[in-house]
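Report on one structure; see the data block that follows.
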Amino acid sequence: MNCHLISWCEFFTAEWFTAFGTVLAVAVAIWLSLYGEQVKRWRWSPALRLRARVRRPDADKVSRIAELENGARLLLGESWYFRLAVFNDGNETAEEVQVFLARVDRKDGHKWEKVERFTPMNLRWTNTDDEGTSRDRVTRPTLLVETPPVFCDLVHILDPSTKQPQGEDLAGVAPRDGVLALDVQVATYSNGHLLEPGTYLFHLTVAASNGPSAHYKLELSYSGKWSAQEREMFNEFKMKPLERVKHGPPEDE
């Protein structure tokens, strides 16, 4: 019995424990390099959520002003902005956050018809019109946990009397009616960012570089009437509660 104990003691020398520790450390390092980020995201991850409602501060009337070359400021008119509130309900700061409008459908009787001229694009964060590059206006560097929501512009509606000089007039829309202008990254020559009054279904995705995406459907309607009065305007533009879905719209639809 003692011989066996002596043999094992001779085998498990200090050098053996050192070698074993080295091998174990290397194995752990390799495993962490391969799976460490996945484990971290499984334990700590942002959880993004959208909210849509027609009330302040999610909706607001804004004076649109142009700054001329001589430094003077020109009042272009008033516009109602309707926004999405973005929350982070997770336990990790969200990084490189974007809200993507993947598809727009218009209601035609009892069915939805895809708006073909619309180009899928990111939406702009509120109050970033004069900030940096186009990418800076659609990408928020961080979104902290357990803080008030930040806002992303969804659509705005100009005073119809000013829509033509501001380039937001749309053929087929009466001069006294408003136009739904999508607050996407770039205004397209096809006018895909402009929509006639009607009922629409928006397919939205909110995403961060370090967490899972969340997909939503949003139904909204606009009568075409415009008013400077909040109560009246909020009766003309309406949004149903957001519906969270598992996936975004199929690409081949």
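The values are calculated or read from the model by the stated rules, or taken from the named source; none is laboratory data. The model shown is predicted, which means the values in this text are computed figures rather than measured ones. So basically every Cβ, Gly included, is an ideal-geometry build from the backbone, and we count neighbours across all protein chains shown. Accessible surface areas use protein heavy atoms only, side chains included; no ligands, DNA or RNA. Shrake-Rupley method; radii C 1.70, N 1.55, O 1.52, S 1.80 Å.
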> Among the lysines, which have Cα under 27 Å from the Cα of Lys225 when same-chain residues fewer than 8 positions away are ignored?
Replying inline: Lys61, Lys107, Lys111, Lys114, Lys163, Lys217, Lys238, Lys240
> Rounded to the nearest 10 Å², what accessible area does Thr162 show when all protein chains are kept and the probe is 1.4 Å?
Replying inline: 20 Å²
>> Could you tell me the calculated FRET efficiency between Glu116 and Glu69, based on Cβ-Cβ distance and R0 = 41 angstrom, to the nearest 0.05?
In response: 0.60
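Just the C-alpha atoms of region 119-190: what Rg/Rh do they give, with Rh taken as the Kirkwood radius? Before the final figure, lay out the partial values.
On the way: Rg = 14.8 Å, Rh = 14.0 Å.
Checking Rg against Rh, the ratio lands at 1.05.
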> Using a basic spin-label model with each label point 7 Å from the Cα along Cα→Cβ, how many nm lie between Val62 and Val145?
Replying inline: 3.1 nm
> When only alpha-carbon atoms count, how far does region 72-176 stretch along each of its three principal axes, as whole angstroms with the largest first?
Replying inline: 49, 49, 23
> Which log10 I(q)/I(0) values, to two decimals, does region 108-242 give at q = 0.11, 0.15, 0.17 Å⁻¹ under the Debye formula with one point per Cα?
Replying inline: -0.46, -0.86, -1.09
> If each of Ala47 and Ala187 carries a label point 7 Å out from its Cα toward its Cβ, how far apart are those two points in nm?
Replying inline: 4.0 nm
> Working out 0.36 nm times the residue gap between Ala174 and Val245, then minus their Cα-Cα distance, what length gain in nm do you get to one decimal?
Replying inline: 22.0 nm
